[in-house]
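The values are calculated or read from the model by the stated rules, or taken from the named source; none is laboratory data. All of these numbers come straight from a predicted model, not from anything done at the bench. Using ideal geometry, Cβ is built from the backbone for each residue, glycine included, and neighbour counts are taken over all protein chains shown.
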Amino acid sequence: MEGTGMKRVLVVEDEVLQREALMDKFQRSGFVVSAANDGEEAIQLLHEGDNGYDVVILDLILPKMDGYTVLENMQQNHIEVPVVVLSALGQQEEKARAEAFGIKAYFVKTDTTLEEVIGFVKGLLAEGN
């Protein structure tokens, strides 16, 4: 994939329909997409060699290891990939807890379209160039 200029996104989402919809939308928008069904799988993918992810889309409510634990693991292991949280949790304290890890954005699933998430990610990655 190197040299193609395509951005890589890791979608961490346990709900099959949501994960597939996100993957489809990102692929149609020109991204190379990987997916994890739970927090443990996400950490495994992030630790594998030079994964080269440009952004992680992270749900907080996940089996095996929740999104907060994923964020903590990334921080402890100096995995510096921008994270965008897309969660069903809308409480301010949940958002503040995630923001303490330096996430780039926090979107509540019921209040956000997939197009909004992709638009934000495109803008975020354009800033990095």
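Numerical summary
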| quantity | calculated |
| --- | --- |
| Selection status of A35, outside any strand (DSSP E or B), surrounded by 18 or more Cβ atoms within 10 Å (Cβ to Cβ) and within 13 Å of the chain's Cα centre (by Cα) | no |
| Test: L17 is part of a loop (DSSP other than H, G, I, E, B) and at pLDDT 95 or above | no |
| Whichever residue in the stretch 1-23 is out of contact with any Phe, Trp or Tyr (no Cβ under 6 Å at 6 or more places or on another chain) and over 19 Å from V108 (Cα atoms) and, among such residues, is surrounded by the most Cβ atoms within 10 Å (Cβ to Cβ) | M6 |
| Residues being over 22 Å from K109 (Cα atoms) and touching a residue at least 40 places away in the same chain (Cβ under 8 Å) - total across the stretch 24-83 | 3 |
| Residue within the stretch 98-111 that is touching a residue at least 60 places away in the same chain (Cβ under 8 Å) and loosely packed, with under 13 Cβ neighbours inside 10 Å present | no |
| Qualifying position, being surrounded by 16 or more Cβ atoms within 10 Å (Cβ to Cβ) and out of contact with any Leu (no Cβ under 6 Å at 6 or more places or on another chain), among Y53, Y68 | Y68 |
